[in-house]
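The values are calculated or read from the model by the stated rules, or taken from the named source; none is laboratory data. Since we're looking at a predicted model, the values are computed, not measured. Neighbour counts are summed over all protein chains in view; Cβ atoms, including those assigned to glycine, are modelled from backbone coordinates with ideal geometry.
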Amino acid sequence: MKFAVFGDIHGNIEALQVAYDAAQQAGAEKIYHLGDLGGYSPFVNEVVDFLVEHAIEGVQGNYDETVANDREHCGCKYEDPIQEEMANKSFFWTKEHASEKAKKYMRGLPVSRSFSAYGDKVLLFHATPSKNNLYWYEDRPEKFFHEMAGKTDADIFIYGHTHKPYRKDIENKIFINAGSVGKPKDGDPRACVTLVDITPDDVQVEFLRVPYDVEKAAQAIVENGMPEYFADRLREAR
């Protein structure tokens with residue numbers, strides 16, 4: 001079974017379109033998304049329409065839940081006061097511009113999805129199995145991985161939220177962070193498409209980096225009234 005996973009699209013319709021084409025060309029039988037559909041780029045409504053049109057199922061991210069339910073805070077973590085100020089501007093812009101159709105879709109997303117392939121149970125969620133805004137970086141202690149694995153009977157865990165892709169095998173469990181389609185933070189501005197191929201004997205994971213018109217996406221951020229800060233971050237992939 002070969003499938004693709006789109007992490008953290010964040011309103012970047014340009015990246016989503018090329019990610020979809022790349023997943024199709026790679027032979028993905030199914031595509032899933034990991035939530036956080038808006039924020040930082042302006043096309044949250046277009047992203048939702050695209051996912052619905054192409055029957056891409058997914059899970060609810062912290063941004064989806066907070067935008068759709070008109071929360072006061074996106075549940076994000078900040079590195080400095082400037083980042084906090086900019087993130088708040090993005091959040092309120094997205095709440096104001098997201099359509100009721102988009103909010104209804106985001107509100108209705110499940111917090112997780114699971115399925116089985118050749119005896120392995122796959123679990124998809126946004127950040128962790130129990131909390132959708134906790135940052136699960138690769139350098140977390142193994143104890144943390146064991147704690148997360150203990151919350152469910154899954155064999156393969158697939159998630160996002162940090163925008164930094166990795167695969168980590170611990171004992172008989174496989175942990176996969178799918179990175180980000182629309183807002184990478186690992187220094188590579190290309191969209192990240194995570195391809196997972198499960199066979200009776202193996203689990204192969206490929207982080208396919210797909211070039212797209214980053215400058216067009218960056219200009220759209222400014223043209224739609226969002227801070228140029230986010231355009232620069234998109235270009236720099238941080």
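The single condition among (1) in contact (Cβ under 8 Å) with a residue 40 or more places away in the chain; (2) of a type outside the set (Ser, Thr, Tyr); (3) part of a loop (DSSP other than H, G, I, E, B); (4) touching a strand residue (DSSP E or B) at 6+ places or on another chain (Cβ under 9 Å) that residue 193 does not satisfy is (3).
With in contact (Cβ under 8 Å) with a residue 40 or more places away in the chain, among the β-branched types (Val, Ile, Thr) and either more than 15 Å from residue 44 (Cα to Cα) or surrounded by 14 or more Cβ atoms within 10 Å (Cβ to Cβ) (or both) as the only criterion, which of 59, 67 stands out? Full working, then the answer.
Details: 67 fails: in contact (Cβ under 8 Å) with a residue 40 or more places away in the chain.
None of the others qualify; the one that does is 59.
So how many residues does the range 99-128 have that are touching a helix residue (DSSP H, G or I) at 6+ places or on another chain (Cβ under 9 Å) and farther than 20 Å from residue 176 by Cβ? If you could, list the steps in order and put the result at the bottom.
Filtering the range 99-128 for residues touching a helix residue (DSSP H, G or I) at 6+ places or on another chain (Cβ under 9 Å) gives 99, 101-109, 111, 126-128.
Narrowing further to those that are farther than 20 Å from residue 176 by Cβ: 99, 101-108.
Residues that pass the stated criteria total 9.
Can you tell me which residues in the range 38-56 are under 18 Å from residue 219 (Cα atoms) and assigned to a loop (DSSP other than H, G, I, E, B)? Across the range 38-56, the qualifying residues are 38, 40, 42, 43.
Scoring residue 134 on the criteria (1) within 13 Å of residue 63 (Cα to Cα); (2) in contact with a Gly (Cβ under 8 Å, 6 or more places away or on another chain) leaves a single failure, condition (2).
Report those helices (runs of 4 or more DSSP H) wholly inside the range 57-149 carrying at least 3 residues which are of a type in the set (D, E, K, R) and at negative phi. Outline the logic, then answer.
Numbers: elements: 62-68, 81-97, 100-107, 142-149.
Helices (runs of 4 or more DSSP H) meeting the threshold: 81-97, 100-107, 142-149.
Residue 212 passes every criterion in (1) surrounded by 14 or more Cβ atoms within 10 Å (Cβ to Cβ); (2) at pLDDT below 95 apart from (2).
Inside the range 197-220, residues that are of a type in the set (D, E, K, R) and closer than 14 Å to residue 182 by Cα make up a count of 4.
Of all residues in the range 132-158, those that are without any contact (Cβ under 8 Å) to a residue 60 or more places away in the chain have Cβ atoms under 6 Å from Cβ atoms of residues that are among the polar types (S, T, N, Q), 6 or more apart or on another chain, in 134/128; 135/162; 136/128; 137/162; 148/128; 151/130. A Cβ distance below 6 Å, combined with a sequence gap of six or more or placement on separate chains, defines the contacts here; from the range 222-238, residues that are at positive phi reach residues that are surrounded by fewer than 13 Cβ atoms within 10 Å (Cβ to Cβ) in the pairs 237/187.
Among the residues of the range 215-238, write down those that are of a type outside the set (A, V, I, L, M) and crowded, with 19+ Cβ neighbours inside 10 Å.
The answer is 230, 233.
Suppose we keep only residues that are β-branched (Val, Ile, Thr) and touching a Gly at 6+ places or on another chain (Cβ under 8 Å) within the range 49-74. Which one would you say is nearest to residue 206 (Cα to Cα)? Walk me through it before giving the result.
Applying the first criterion (β-branched (Val, Ile, Thr)) to the range 49-74 yields 52, 56, 59, 66-67.
Among the residues that remain, those that are also touching a Gly at 6+ places or on another chain (Cβ under 8 Å) are: 59, 66-67.
On the way: 59: 21, 66: 31, 67: 31 Å.
Looking at residues that are β-branched (Val, Ile, Thr) and touching a Gly at 6+ places or on another chain (Cβ under 8 Å), I get 59.
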